[in-house]
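Take a look at the structure set out below.
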Amino acid sequence: MHKIGILTFQQAINYGAVLQMYALYTFINQLGYPVEILNYDAKKISSGYKAFHLKSMFWPKSLAFELLNYRIKSNRNKIFEQFVHKYIKMSPLVSRSQLKKKSDDYDCYIVGSDQVWNPFITGSDATYFLDFVQGKRKISYAASFGISQ
């Protein structure tokens with residue numbers, strides 16, 4: 001049986017990203033394949049969803065906004081994390097260098113969906129092009145750049 005690894009924006013705390021991840025994971029799982037989401041530590045992605053941003057300390061309006069919304073953001077993050085933990089099998093947290101070492105752990109890799117190749121979102125992270133995978137099947141699932149140039 002082929003083991004499948006999915007690389008997506010699993011650290012994004014938004015409905016689109018989480019529902020896409022859940023739908024793809026569930027579909028492949030129902031086909032009978034062992035599957036898990038690669039819990040890739042993409043700093044550029046995860047930093048945008050923190051409940052509090054330290055950089056706001058330098059601007060009074062931003063700081064006030066962050067302080068007023070901290071509890072809402074924190075609760076939102078916790079709810080998303082609970083959903084993912086309950087319904088989706090994740091790999092242990094891995095860095096880019098660890099992904100290269102673990103590339104033989106899966107028989108097939110899927111990357112997607114929307115905007116995983118957008119350099120403004122990923123910081124031009126080549127990991128989302130599955131450049132660490134050698135000799136394994138690579139599949140793109142509705143991946144896009146999200147920009148025209």
Subject >> Contact order relative to length of the range 91-149, as percent, for alpha carbon pairs under 8 angstrom and 6 or more apart >> reply: 44
**OP:** Give the long-range amide H neighbours of Ile110: residues separated by 5 or more places, or on another chain, with amide H under 5 Å away, using H modelled in the peptide plane at 1.01 Å from N.
**Re:** Gly5, Ile6, Leu7, Ile139
Subject >> Modelled label reach - Ile147, point 7 Å along Cα→Cβ, the range 109-127 residues with backbone N closer than 15 Å >> reply: 115-126
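No value in this document is a laboratory result; all are computed from the given coordinates. A quick note: this is a predicted structure, and the numbers were derived from the prediction, not measured. For neighbour counting, all protein chains shown are included, and Cβ atoms are generated from backbone atoms with ideal geometry for every residue, glycine included.
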